[in-house]
Amino acid sequence: MRSKSACATREAFDFSERHSILIRASPATVLNGVRHYRLGDDALLRPALYLRGLPARLLRAPSPPPLELQDFTLLSQTNRSLIYGLKGAFWQTNYGLRPFDTSMEFLGDRDASVATLILSFMTGPATRGRTRLVTQTHILCPTSHVRRCFLPYWLVIRPVSGLLRRRMLSQIKARCERSI
């Protein structure tokens with residue numbers, strides 16, 4: 001089953017989400033803001049993580065530490081974009097993450113028991129003196145079993161993830177515009 005939130009790449013990915021914002025700063029400043037953003041900077045993150053960790057606490061399992069951008073594998077970096085990847089069984093209490101040191105390891109991995117998450121930040125021209133920052137999340141589930149495991153997780157996490165992503169964009173915007 002394909003998510004209704006899938007965008008134009010719906011044939012390539014099982015689930016997708018996209019958010020954007022206009023920022024009064026150069027693309028280089030905006031991408032630098034992305035690189036230095038920390039999820040822990042958002043006060044809403046703690047309650048969201050508390051809820052995310054509730055199943056682990058109920059099962060008396062250890063809760064995983066909060067994810068940061070540094071937990072992702074940098075797949076591509078240009079003067080206009082940053083693309084990160086993460087693989088795991090995100091529906092598990094510990095996320096079931098698979099660590100990779102390089103983009104080649106990440107791209108060469110063919111583990112069909114986990115989902116692949118691609119997180120991109122792309123800048124584009126907008127009106128004079130502004131940059132459009134677009135963030136997209138794409139999830140690929142290599143098997144119907146992984147898709148069935150991921151779907152309930154996506155339905156629960158997507159609204160919170162979308163809210164946090166929009167807040168992240170707003171916070172990056174505020175920091176970039178303060179620095180000019």
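The values are calculated or read from the model by the stated rules, or taken from the named source; none is laboratory data. Please read all numbers here as calculations on a predicted model, not as lab measurements. Reconstructed Cβ throughout: ideal geometry from the backbone, glycine too, with neighbour counts over all protein chains shown. Note: accessible area is taken over every heavy atom of the protein model, side chains too, but ligands, DNA and RNA are not part of it. Shrake-Rupley method; radii C 1.70, N 1.55, O 1.52, S 1.80 Å.
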Residue that is farthest from Arg46 (Cα to Cα), among those in segment 132-147 that are outside any loop (DSSP other than H, G, I, E, B) and over 20 Å from the mean Cα position of the chain (by Cα):
Ser144
Quick count over segment 41-63, residues being outside any helix (DSSP H, G or I) and either open to solvent by less than 80 Å² (accessible area, probe 1.4 Å) or at pLDDT 80 or above (or both), is 7
Condition test on Asn79, is it more than 21 Å from Val156 (Cβ to Cβ), over 14 Å from the mean Cα position of the chain (by Cα), polar (S, T, N, Q) and part of a loop (DSSP other than H, G, I, E, B)?
yes
Go through segment 146-160 and give me each residue that's in contact (Cβ under 8 Å) with a residue 12 or more places away in the chain, touching a Ser or Thr at 6+ places or on another chain (Cβ under 9 Å) and open to solvent by 30 Å² or more (accessible area, probe 1.4 Å).
Leu151, Arg158
Considering only residues that are hydrophobic (A, V, I, L, M, F, W, C), open to solvent by 30 Å² or more (accessible area, probe 1.4 Å) and in contact (Cβ under 8 Å) with a residue 60 or more places away in the chain, which ones fall in segment 121-145?
Ala126, Leu140
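State all residues of segment 104-120 that are part of a loop (DSSP other than H, G, I, E, B), touching a strand residue (DSSP E or B) at 6+ places or on another chain (Cβ under 7 Å) and either among the small types (Gly, Ala, Ser) or surrounded by fewer than 18 Cβ atoms within 10 Å (Cβ to Cβ) (or both); if no residue qualifies, say none. Working first, answer last.
Filtering segment 104-120 down to residues part of a loop (DSSP other than H, G, I, E, B) leaves 109-114.
Okay, now just the ones that are also touching a strand residue (DSSP E or B) at 6+ places or on another chain (Cβ under 7 Å), so 109, 111, 114.
Matches in segment 104-120: Asp109, Asp111.
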Check Asp101 against each of (1) open to solvent by 60 Å² or more (accessible area, probe 1.4 Å); (2) in contact with an Asp or Glu (Cβ under 7 Å, 6 or more places away or on another chain); (3) over 30 Å from Ala174 (Cα atoms) and name the one condition it does not meet.
(2)
Going through segment 70-94 in order, the residues found to be under 21 Å from Cys141 (Cα atoms) and among the aliphatic types (A, V, I, L, M) are Leu74, Leu75, Ile83, Leu86, Ala89
So, of the residues in segment 66-92 that are at pLDDT below 90 and in contact with a Leu (Cβ under 9 Å, 6 or more places away or on another chain), which turns out to be farthest from Thr123 (Cα to Cα)?
Pro66
Scan of segment 16-40 for residues that are under 18 Å from Thr137 (Cα atoms) and open to solvent by 40 Å² or more (accessible area, probe 1.4 Å), ordered by number
Arg18, Ser20, Arg35, Arg38, Leu39
If you scan segment 64-96, which residues turn out to be within 20 Å of Cys149 (Cβ to Cβ) and open to solvent by less than 60 Å² (accessible area, probe 1.4 Å)?
Pro64, Leu67, Gly85, Leu86, Lys87, Gly88, Ala89, Phe90, Thr93, Tyr95, Gly96
